[in-house]
Amino acid sequence: MPSENDPIEDDEYVYRRVLHTWCDLNSEFLAHRIDRQVFHPTDKDKEGISLYRALFVTPVQVARDREGNLGRYFVVRLSVAQVRALGLSLKPDPQDGLRGHSLMSEIRHGLKGEEKKRAKELQLRLAELASADIVFVPPP
Amino acid sequence: MNNVIGFDRGTTHDLTNPAESGWRAHPSDTAWTTLLHNVETAFEAGDGWDGEDADAPSEALLASVFSLLRQLQNSGSPMPSRIIPTYDGGIVVEWHYPDKYIEMEIEEPYSADVMEACVGEPADHYELTWRRPSEATDYKISESIDVQQYAMTA
């Protein structure tokens with residue numbers, strides 16, 4: 001039985017929740033169906049942005065909003081190996097609530113200057129990867 | 001770079017229809033302003049437009065984006081691919097091409113952080129500013145964006 005504290009392996013997948021505003025299934029280019037804003041850190045992401053390990057949760061669980069409803073969020077899936085190939089890290093960070101929480105510390109709130117620019121590029125690359133693997137589309 | 005989405009760098013351009021009375025005062029630009037749907041929705045919904053804690057773009061920011069779009073449109077620039085609100089109350093204007101991505105991230109009125117990213121190359125970053133309509137009868141773009149040349153391949 002895997003533990004949420006186990007190191008994250010290269011052959012795992014992680015999920016990221018996608019606000020509908022930042023997903024365009026009709027985008028002319030496949031690589032831009034998901035916008036990089038999906039990976040933009042908020043002021044809550046001081047330690048890094050959140051992703052959820054597919055070993056512990058389903059896309060539907062990730063897609064639910066605060067009230068438990070579906071409709072507002074898509075879900076994308078990323079290969080851990082591909083994430084690491086970009087030079088990004090993922091570390092387990094179990095929390096109350098949704099299981100399988102992990103952190104990507106290179107993309108976090110408060111970056112300035114060159115670090116911020118680099119983070120924006122990485123957000124774009126993550127969005128391109130995510131655009132190819134949208135695993136949950138909310139009901140109309 | 002010589003083109004500013006259709007402008008030559010450093011050239012002063014007349015703004016024949018400034019958005020001084022507000023960004024919603026020019027309904028004729030149907031195709032371009034349709035792109036503003038997402039940011040308009042966020043503006044009208046106010047803070048928490050995402051259902052959680054996102055800040056809404058301010059009217060001043062929207063006005064500045066509208067002014068920018070009018071300049072781009074008047075210059076014959078390719079229409080942006082997407083215009084979206086950010087979590088922090090900003091607005092991003094994007095152009096998508098097979099081998100290139102360009103964005104202007106506007107977090108303060110009349111100023112944008114530009115990122116141009118080509119496949120397989122480090123991105124280029126720089127700042128773009130433009131004047132408020134009340135400050136002058138014309139505008140000068142202080143930086144340039146090499147978008148025009150990609151219009152033919154979009």
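Among the residues of the range B:103-122, is any modelled with pLDDT of 90 or more, under 17 Å from the mean Cα position of the chain (by Cα), on the phi < 0 side of the Ramachandran plot and in a loop (DSSP other than H, G, I, E, B)?
So far as the range B:103-122 goes, yes, one or more of its residues are modelled with pLDDT of 90 or more, under 17 Å from the mean Cα position of the chain (by Cα), on the phi < 0 side of the Ramachandran plot and in a loop (DSSP other than H, G, I, E, B).
Working carefully through the options A:32, A:40, A:20, find the one that is within 18 Å of residue B:51 (Cα to Cα) and more than 12 Å from the chain's Cα centre (by Cα).
Exactly one residue qualifies, and that residue is A:20.
Among the residues of the range B:31-49, what is the count of those that are part of a loop (DSSP other than H, G, I, E, B), closer than 14 Å to residue B:84 by Cβ and over 14 Å from the mean Cα position of the chain (by Cα)?
Qualifying residue count, the range B:31-49: 1.
Where the second residue is in a loop (DSSP other than H, G, I, E, B) and among the hydroxyl-bearing types (Ser, Thr, Tyr) and the first is farther than 14 Å from residue A:85 by Cα and lies in the range A:123-140, which pairs have Cβ atoms under 9 Å and are six or more apart or on separate chains?
Pairs that qualify, where the first residue is farther than 14 Å from residue A:85 by Cα and the partner is in a loop (DSSP other than H, G, I, E, B) and among the hydroxyl-bearing types (Ser, Thr, Tyr), are A:131/A:27; A:136/A:58.
Here's a check for you: in the range B:90-102, which residue that is out of contact with any Phe, Trp or Tyr (no Cβ under 8 Å at 6 or more places or on another chain) and in a strand (DSSP E or B) is farthest from residue A:125 (Cα to Cα)?
Here the residue is B:91.
Checking residue A:25 against (1) among the hydrophobic types (A, V, I, L, M, F, W, C); (2) touching a Gly at 6+ places or on another chain (Cβ under 9 Å); (3) in a loop (DSSP other than H, G, I, E, B), which test does it fail?
That leaves (2) as the condition not met.
So is residue A:130 in contact with a Leu (Cβ under 8 Å, 6 or more places away or on another chain), farther than 13 Å from residue A:41 by Cβ and either part of a helix (DSSP H, G or I) or of a type outside the set (A, V, I, L, M, F, W, C) (or both) or not?
yes
Output the residue which, of all residues in the range A:26-53 that are hydrophobic (A, V, I, L, M, F, W, C) and facing chain B (nearest Cβ under 9 Å), is nearest to residue A:98 (Cα to Cα).
Among those residues, the one meeting the criterion is A:31.
Applying the selection to the range A:10-22, what residues are within 11 Å of chain B (Cβ to nearest Cβ) and not in a strand (DSSP E or B)?
Across the range A:10-22, the qualifying residues are A:20, A:21, A:22.
Answer with yes or no whether residue A:114 is touching a Phe, Trp or Tyr at 6+ places or on another chain (Cβ under 9 Å), within 13 Å of another protein chain (Cβ to nearest Cβ) and of a type in the set (D, E, K, R).
Against the criterion (touching a Phe, Trp or Tyr at 6+ places or on another chain (Cβ under 9 Å), within 13 Å of another protein chain (Cβ to nearest Cβ) and of a type in the set (D, E, K, R)), residue A:114 does not qualify.
Pick out the one residue from A:99, A:84, A:66 that is under 25 Å from residue A:137 (Cα atoms), in contact (Cβ under 8 Å) with a residue 12 or more places away in the chain and among the basic types (Lys, Arg).
From the options A:99, A:84, A:66, the qualifying one is A:99.
Taking the options B:31, B:19, name whichever one is modelled with pLDDT under 85 and in contact with a Ser or Thr (Cβ under 7 Å, 6 or more places away or on another chain).
Exactly one residue qualifies, and that residue is B:19.
If you take the residues in the range B:55-74 that are small (Gly, Ala, Ser) and surrounded by fewer than 22 Cβ atoms within 10 Å (Cβ to Cβ), which one is farthest from the other protein chains (Cβ to nearest Cβ)?
Looking at residues that are small (Gly, Ala, Ser) and surrounded by fewer than 22 Cβ atoms within 10 Å (Cβ to Cβ), I get B:60.
Out of everything in the range A:40-63 that is in a loop (DSSP other than H, G, I, E, B) and without any contact (Cβ under 8 Å) to a residue 60 or more places away in the chain, what residue ends up being surrounded by the fewest Cβ atoms within 10 Å (Cβ to Cβ)?
The selected residue is A:58.
Please list, ordered by first then second residue, the pairs with beta carbon atoms under 9 Å, 6 or more apart or interchain, first in the range B:95-110 and more than 10 Å from chain A (Cβ to nearest Cβ) and β-branched (Val, Ile, Thr), second surrounded by fewer than 20 Cβ atoms within 10 Å (Cβ to Cβ) and not in a strand (DSSP E or B).
B:102/B:146; B:102/B:150
I'd like to verify a number: residues in the range B:75-89 that are more than 26 Å from residue A:17 (Cβ to Cβ) and either among the basic types (Lys, Arg) or surrounded by fewer than 21 Cβ atoms within 10 Å (Cβ to Cβ) (or both), how many?
So the answer is 4.
Residues of the range B:115-135 being within 11 Å of another protein chain (Cβ to nearest Cβ) and of a type in the set (A, V, I, L, M), which ones?
Passing the criteria: B:115, B:117, B:119, B:123.
The values are calculated or read from the model by the stated rules, or taken from the named source; none is laboratory data. In this text, all values refer to a predicted model and were calculated from it rather than measured experimentally. Neighbour counts run over all protein chains shown; Cβ positions are idealised from the backbone, glycine included.
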